[in-house]
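Notes to accompany the following structure.
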Amino acid sequence: MKYIFTLLTFILSIVAIQAQNGIIKGFIISEQNKTLANVNISILSSTKGTISNENGEFEIKNIAPGNYTLLISFIGYENHEVSVKVNPNETTVVPAIFLKENVNQLLEVVLSSKIGVTQVEPQKVIFSTKDLPSQNGGTAGDILKNMLSVAMGGSPNHNRDIRYRGLGNGYTTVLINGKQSGMSGNNRETVLDMIPASQIDFIEIISNPGADQTSNGINGILNVVLKKGTNSDSNGQISFFTDNQNGYNGNVALKHSKDNFAISGSYDKLTRNANKFDDGSIIKYNNDGSLKESSIVSSSENKSFDNNTASAKIGYFTKNNWNFKADYIFSKQYEDKDKEELNLTYKNDDSFKNGKKTQETEDKTIKFNNPSLSLTKKWDVSTLDIEFSANFSDENKDKLKKDYATDISGTINYKNLPNQETEAEKINFKNYFPSIAFKSNIGNKISIKTGFQGFLTNRVLEKESKKLNNSTNEWAPISARTFVFDLIENTYAGYVTTNLSFDKTKVIVGYRHEFTDISTIATSTAKEENKSNYHLALPNLNVTYSLTEKSYLKSSVGRRVRRPAYNDMNPFEEVKSSTEIKIGNPDLKPEKAWAYELGYFNEIKTLNFGVNVFHRNISDLIQKSISTNETGVTIESFTNLNKAVSSGTEFLIGLKATKWYNININYSKFWSEIKDNSSFNGDALKDQTDWTFKSIHDFKLPKNINIQVVTNVVGPKETKQEQEKTIWFTDLGLEKQLFTNGFFSFRVSDVFDTLKKEKTKNTIVQIERKTENTPGTIISAGLRWQF
């Protein structure tokens, strides 16, 4: 709470400052005297800006007196700059701004519409962080949970498990600035929660990417685009947020450019605390179906995170159109976890059998390095791009577990020594991503792009587990959990795409061919090496037909892939909890899928409406199987099944109800079915959610106050072996502009403390039920100042 008091003191100290600001107005038309809507108007050297309305008009309020340069940009037209002077308490009217068509960009013209936070393009949705006050002071994970058809696991302060279109995180690829990051599994969500919202410009979802994008991700791509430097000489930002869970977030960002050189850097410090309280039961049966025993299980978990993130960017631009850029992102997270679990077991006659209390402490350190270089050369109708990026990640974890015997009340019997185990784990990721692409326009109707991409990855997991012998007081290795697992996976891809533009139709035809070489080395008491390789032919076709100037139909078909996750291929035991073990399969094959999409969108004055229907025909499905061993421990394992299908329908409505109120609503319905000659036949895919619903309400009030209310509802998960009930939560955000460059933000995550998860796991001889409770009503407040 001390951070909140400091923040409030700071706010009270500046509210007395007065400013006499002005307004900039104008309108934008084409050279053919056609008004242009949704044109971007920004003020250089500031973050202020707006878009033109349906009449081509725009207005920017609360501008401090001074001289400014407006940058007007619109796809298909040349950028235009206008100098304006703002006087105190006056409205400056800019003369009519005429935009000139850019013939070389006509092939890139895309119908788009924006109401509130959501910008919609054919089979693409974009969320801008400046339109999400409900997530100020948050992270990339906080933003993602509000996006179309996306659900996030974890607690309000601990985002996990990206589920796009109802399926698990393995079905979606996450990029940073359009580049591969090497992130996968829980490592991916950890890194995303290390990227603060203050560094993000926007996040986009591309449901069926073209042949020039990575093929990995059957459901598509999530691209996190970080902020770039502006065209001004110098500017910066400083912010500080704090919450009622003793967490805080601070940011400093500086940018400078002069002539053909630009440099920027930022530093973020984020501390969060995430607690969880679970309760549940385990019922075990004999093979004949009679009751064997039952257990009551309760646990508490306290986690704290300390993140440090720094980034640096350099750009150099020559007069003959050479463009060089270098980016570097470094993040380090320290995680501290304490967990206590009580398990009371009763016989089939309800008499007490035994009790066990487990105490765990865990320390984890993660380092993430992401350097990238790019060189671009532009000619009149052609562009050459050469890029190289890498990701180096190290994770070190040390865990100590103690098991104590208890009586029926849960009281520890200290006369008996506890069973003690330690676990030391080191994970090293090395990923390299070279690429080269050449694009050329042939007239204003045809363009061709061809290129090469490499995805070279090496991941090594070293784990050492020991158990204390209470008789000799010596630690001995646990052979099943002491090992080294090394995965080398190299993919080489070549592609070509052709864009054809006609009066109302745009066609993109592409072909991508990939070769993947895999080597795994598993070393424990013995060494086992597996090698494999495969080719993939990946054609793609996208057709967009403009029904009117503000409505379109889009259809697409393409072949995509889901490669096995690193942990899914690890053949050694991973202890997830005292009642659950995971064992991977190094012989897993990648899933292949034909992806079909059909979308319709229409903008009618202040109303946007869109619907998208998709279908995935999947072969070599990677499926999780759950069984129970002789001690009652649940075992997760993985195998390839014959095939499956996944389908869904997405509805999106954006309404500008009044000048001060916008609403965006999304409802998505999902369905899947396994088709295999096994016990899974007819079942849904693992982690399949039934539906999602989101509503985002934006209120623009007088005195430069913006309020946003976001409600997320995630439907149930129901398979033969796992079930999870519907969950819902509401976030609230308020942003108040303070003078010209200051902003005060107030945010409440999970306003009504409703984020409770009720889960069930079934096997032939066991039923496990668990309710996860996480603290809600997390209140944070902060200040952001731009200069």
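Residues checked against (1) free of Cβ contacts under 8 Å to residues at least 24 places away in the same chain; (2) farther than 19 Å from Y328 by Cβ:
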position: Q213; (1), (2): yes, yes
position: I218; (1), (2): no, yes
position: L222; (1), (2): no, yes
position: S239; (1), (2): no, yes
position: N244; (1), (2): no, yes
position: G247; (1), (2): no, yes
position: N251; (1), (2): no, no
position: I263; (1), (2): no, no
position: K269; (1), (2): no, no
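Please find, among T361, T376, the residue that is in contact with a strand residue (DSSP E or B) (Cβ under 7 Å, 6 or more places away or on another chain), assigned to a strand (DSSP E or B) and either open to solvent by 70 Å² or more (accessible area, probe 1.4 Å) or over 22 Å from K401 (Cβ atoms) (or both).
None of the others qualify; the one that does is T376.
For the range 198-228, filtering for residues that are open to solvent by 10 Å² or more (accessible area, probe 1.4 Å), in contact with a Ser or Thr (Cβ under 9 Å, 6 or more places away or on another chain) and among the hydrophobic types (A, V, I, L, M, F, W, C) leaves 1.
Number of residues in the range 481-513 that are open to solvent by less than 30 Å² (accessible area, probe 1.4 Å), touching a residue at least 40 places away in the same chain (Cβ under 8 Å), among the aliphatic types (A, V, I, L, M) and out of contact with any helix residue (DSSP H, G or I) (no Cβ under 8 Å at 6 or more places or on another chain) equals 1. Residues to consider are E335, E340; find the one that is surrounded by fewer than 16 Cβ atoms within 10 Å (Cβ to Cβ) and within 30 Å of Q420 (Cβ to Cβ). Just one listed residue meets the conditions, E340.
In the set I427, I436, I442, only one residue is aliphatic (A, V, I, L, M), at pLDDT below 95 and surrounded by fewer than 17 Cβ atoms within 10 Å (Cβ to Cβ); that residue is I442. Filtered by the rule that a residue be open to solvent by 40 Å² or more (accessible area, probe 1.4 Å), closer than 15 Å to V381 by Cα and of a type outside the set (D, E, K, R), the range 445-461 gives I446, I448, T450.
Of all the residues that make up the range 626-653, how many are in a strand (DSSP E or B), touching a residue at least 40 places away in the same chain (Cβ under 8 Å) and either surrounded by fewer than 17 Cβ atoms within 10 Å (Cβ to Cβ) or among the aliphatic types (A, V, I, L, M) (or both)? Break it down into steps so the answer makes sense when it comes.
Let us first name the residues in the range 626-653 that are in a strand (DSSP E or B), namely 626-628, 634-653.
Of the ones still in play, those that are also touching a residue at least 40 places away in the same chain (Cβ under 8 Å) are 626-628, 634-640, 644, 646, 648, 650-653.
Next, from what is left, pick out any that are either surrounded by fewer than 17 Cβ atoms within 10 Å (Cβ to Cβ) or among the aliphatic types (A, V, I, L, M) (or both): 626-627, 635, 637, 639, 644, 651-653.
Within the range 626-653, residues that are in a strand (DSSP E or B), touching a residue at least 40 places away in the same chain (Cβ under 8 Å) and either surrounded by fewer than 17 Cβ atoms within 10 Å (Cβ to Cβ) or among the aliphatic types (A, V, I, L, M) (or both) number 9.
If you go through the range 587-613 and pick out every residue that is at pLDDT below 90, outside any strand (DSSP E or B) and open to solvent by less than 30 Å² (accessible area, probe 1.4 Å), you end up with 0.
For first residues located in the range 53-73 and at positive phi, partners that are outside any loop (DSSP other than H, G, I, E, B) and loosely packed, with under 14 Cβ neighbours inside 10 Å and lie 6+ apart or on another chain with Cβ distances below 9 Å form the pairs G66/K85. Could you list all residues from the range 531-582 that are in contact with a Pro (Cβ under 7 Å, 6 or more places away or on another chain) and β-branched (V, I, T)? Matches in the range 531-582: T544, V561. When K761, K757, K736 are screened for being closer than 21 Å to N302 by Cβ, touching a residue at least 12 places away in the same chain (Cβ under 8 Å), part of a strand (DSSP E or B) and touching a strand residue (DSSP E or B) at 6+ places or on another chain (Cβ under 9 Å), only K757 passes.
Restricting attention to the range 75-97 and to residues that are of a type in the set (A, V, I, L, M) and touching a Lys or Arg at 6+ places or on another chain (Cβ under 8 Å), the residue that is nearest to I29 (Cα to Cα) turns out to be V94. Evaluation of N706 against the conditions (1) crowded, with 17+ Cβ neighbours inside 10 Å; (2) not in a strand (DSSP E or B) shows that the sole unmet condition is (2). Of everything in the range 69-102 that is of a type in the set (S, T, Y) and modelled with pLDDT of 85 or more, the residue that is most open to solvent (accessible area, probe 1.4 Å) is S83. The single condition from (1) open to solvent by less than 30 Å² (accessible area, probe 1.4 Å); (2) under 22 Å from the mean Cα position of the chain (by Cα) that H697 fails is (1). Summed over the range 659-683, the residues that are without any contact (Cβ under 8 Å) to a residue 40 or more places away in the chain and assigned to a strand (DSSP E or B) give a count of 7. Pairs linking a residue in the range 540-555 that is closer than 26 Å to K34 by Cβ and among the hydroxyl-bearing types (S, T, Y) to a residue that is surrounded by fewer than 17 Cβ atoms within 10 Å (Cβ to Cβ) and modelled with pLDDT under 90, with Cβ atoms under 7 Å and 6 or more positions apart or on different chains, are Y545/K504; S546/K504; S551/N602. Taking the conditions (1) part of a strand (DSSP E or B); (2) surrounded by fewer than 16 Cβ atoms within 10 Å (Cβ to Cβ) in turn, I366 satisfies each one other than (2). From the list A526, A476, pick out the single residue that is over 21 Å from K582 (Cα atoms), exposed (fewer than 15 other Cβ atoms within 10 Å of the Cβ) and aliphatic (A, V, I, L, M). None of the other options fit; the residue is A476. The condition (being open to solvent by 10 Å² or more (accessible area, probe 1.4 Å) and either under 21 Å from Y667 (Cβ atoms) or at pLDDT 85 or above (or both)) is satisfied by just one residue among L148, L132: L148. Among the numbered conditions (1) in contact (Cβ under 8 Å) with a residue 60 or more places away in the chain; (2) more than 30 Å from D385 (Cβ to Cβ); (3) not small (G, A, S), the only one that F368 does not meet is (2).
The values are calculated or read from the model by the stated rules, or taken from the named source; none is laboratory data. These numbers come from a predicted model, not from an experiment. All Cβ positions, glycine included, derive from the backbone under ideal geometry; neighbour counts span all protein chains shown. Ligands, DNA and RNA are stripped out before the accessible areas are found, and what is left, the full protein with its side chains, is counted by its heavy atoms. Shrake-Rupley method; radii C 1.70, N 1.55, O 1.52, S 1.80 Å.
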